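Take a look at the structure set out below.
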Amino acid sequence: MNAATNMKSVVFETYGGPDRLSVRSLPVPNPSKGEIRVKVRATTVNRTDTATLRGHPFFARAMTGLILPKMRTLGMDFAGEVDALGDGASRFNVGDRVFGLSPDMFGAHAEFMCVPDDGAIAQIPGDIPFDQAVVAEGAWYAHGTTQLLSEGGSCLIYGASGAIGTAAVQLAKANAARVVAVVGTRHLDLAEALGADHVVNYETEDFTGIGETFDVVFDAVGKTSYFACRPLLKNDGIFAATDLGPGWSNILLGAFFGLTGTGRVRIPFPEDASGFVRRLADLMAQGRFRGVFDRTYSLDEIVEAFRYVEKGQKTGIVVVSLR
Ligand SMILES: NC(=O)c1ccc[n+]([C@@H]2O[C@H](COP(=O)([O-])OP(=O)(O)OC[C@H]3O[C@@H](n4cnc5c(N)ncnc54)[C@H](OP(=O)(O)O)[C@@H]3O)[C@@H](O)[C@H]2O)c1
């Protein structure tokens, strides 16, 4: 059988809503020196994809392109089979089942993608299906905060039901920290099953009045603030968030506390994506980390997938399956 010369790829030319996306037929890319080509079997639509499509926040365009997007195909998470090797690529063999993260160039919303051989990729542990191996994006942002925790530390995770929050609970437990998870009624059982030591229902209880203080309070879903969470922080505690906060307060306070040297408010940005994906693979192999999955869409349904994710109501990860 001849190798495919064309592939389906989801493309956008200008910033905007999901209607900017279209499924096109493009040439299958060839791996350059030091790259591998992956036949993508599953990817995700996540909040990084939806924000990048819209070009929000505006300052992020310094990385993604000021007027027009630098990359034309989104998709950070991928799982699939190694399909071709570029010159000098020796970490993987053709046919290997791999998963990973493409944090800079995206590109996973396509049937094939090329990624650096030494990038954020690892073998999928055991027989985990491709659809359940696309776990890296939320975990990566969660890792920015959970890496602040060590054994015996304590953490309150607000919004522990999204992609970042569900990962944060598991990564904090993997660091042997005490975890209190705050979720709504429909996610109480999930937070407990993920290993939280205590679960608080934000719909029926004021989580700021639980009478405990923490090393880290993590707003994993951008719905609370440093000022609301101050009673929950130890004297040297850290308020970490994934979002700008009301009135950009997390940015302004982050700059202020950065100058004072305490780092009390932070939007931690994770580093070493390659090392992190390998650690994630180890945790998955040990049964200490798993993805939490919401709906699955096909590549042709990508616009609906973006519309759903933009609602901010998903539980964990939304998968796009390319079988
Ligand atoms: N810093 C970065 O580079 C970066 C990257 C990716 C994402 N983000 C941001 O990180 C945040 C989380 O991303 P994600 O993908 O994990 O989000 P997500 O999966 O879209 O989170 C949705 C979850 O949040 C819960 N939720 C909604 N309102 C809530 C509230 N008021 N209190 C507590 N939980 C609430 C929802 O369940 P219920 O409504 O049933 O409670 C749902 O399960 C987003 O705001 C995103 O913009 C930042």
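Throughout, read-outs are computed from the coordinates displayed, never taken from laboratory work. Since we're looking at a predicted model, the values are computed, not measured. Here the Cβ positions follow ideal geometry from the backbone for every residue, glycine too, while neighbour counts run over all protein chains shown.
List of remarks:
- Over the chain: helical MRE at 222 nm, DSSP H runs n ≥ 4 each giving -39500 (n - 2.57), nearest 500: -7000 deg cm²/dmol
- From phi via Karplus (6.51, -1.76, 1.60), per-residue ³J(HN,Hα) for the range 128-143 in Hz, x at Gly/Pro: 4, x, 3, 4, 9, 9, 8, 10, 7, 4, x, 4, 4, 5, 4, 4
- GNM remark for the chain: springs join alpha carbons under 10 Å apart, and the peak mean-square fluctuation among 193, 240, 62 falls on 62.
- Averaging the sequence gap over all C-alpha pairs within less than 8 Å and six or more residues apart, then dividing by the number of residues, gives the range 148-266 a relative contact order of 22 percent.
- Bridging of residue 33 to aspartates and glutamates at a Cα separation below 16 Å is possible for 83, 87, 117, 118, once same-chain residues fewer than 8 apart are set aside.
- Environment charge of residue 286, counting only residues whose C-beta is closer than 14 Å and scoring Lys/Arg +1, Asp/Glu -1: +4
- Quarter the surface of the alpha carbon convex hull of the chain and you get the mean projected area, 16.7 square nanometres.
- Charge sum, other residues only, whose C-beta stays under 15 Å from residue 181's C-beta, Lys/Arg counted +1 and Asp/Glu -1: -3
- For the range 79-143, the pair-distance distribution built from all alpha carbon pairs, in bins 10 Å wide starting at 0, is 20, 56, 23, 1 percent.
- The chain: most fluctuating residue of 263, 75, 100 per GNM, C-alpha cutoff 10 Å: 263
- From the C-alpha gyration tensor of the range 209-302, square roots of 5λ in Å: 30, 18, 16
- In this Cβ point-charge picture (+1 for Lys and Arg, -1 for Asp and Glu), the range 199-313 has a dipole of about 260 debye about its Cα centre.
- At 1.306 mPa s and 10 °C, Stokes diffusion of the range 148-266 via Kirkwood alpha-carbon radius, µm² per second: 113
- For the chain, modelled as a GNM whose springs connect Cα atoms under 10 angstrom apart, the maximal fluctuation among 275, 195, 247 occurs at 247.
- Placing +1 on the Cβ of every Lys and Arg and -1 on the Cβ of every Asp and Glu, with nothing else charged, gives the chain a dipole about its Cα centre of roughly 460 debye.
- Of 170, 241, 259, farthest towards positive along the dipole that unit charges on Lys, Arg, Asp, Glu beta carbons give the range 148-266: 259
- Under 5 Å between amide hydrogens, built in the peptide plane, is the criterion, and for residue 120 it picks out 101 among residues at least 5 positions away or on other chains.
- Helix axis angle, 273-285 relative to the chain longest principal axis, alpha carbon, degrees: 80
- Top positive-direction residue, dipole computed over the range 1-56 with Cβ charges, set 12, 52, 30: 30
- Taking the DSSP beta bridges with both ends in the chain, the antiparallel portion is around 55 percent.
- Each Lys or Arg adds one and each Asp or Glu takes one away; over the other residues whose Cβ falls under 14 Å from the Cβ of residue 126, this sums to 0.
- C-alpha center-to-center spacing [the range 60-107, the range 211-259] in angstrom: 32
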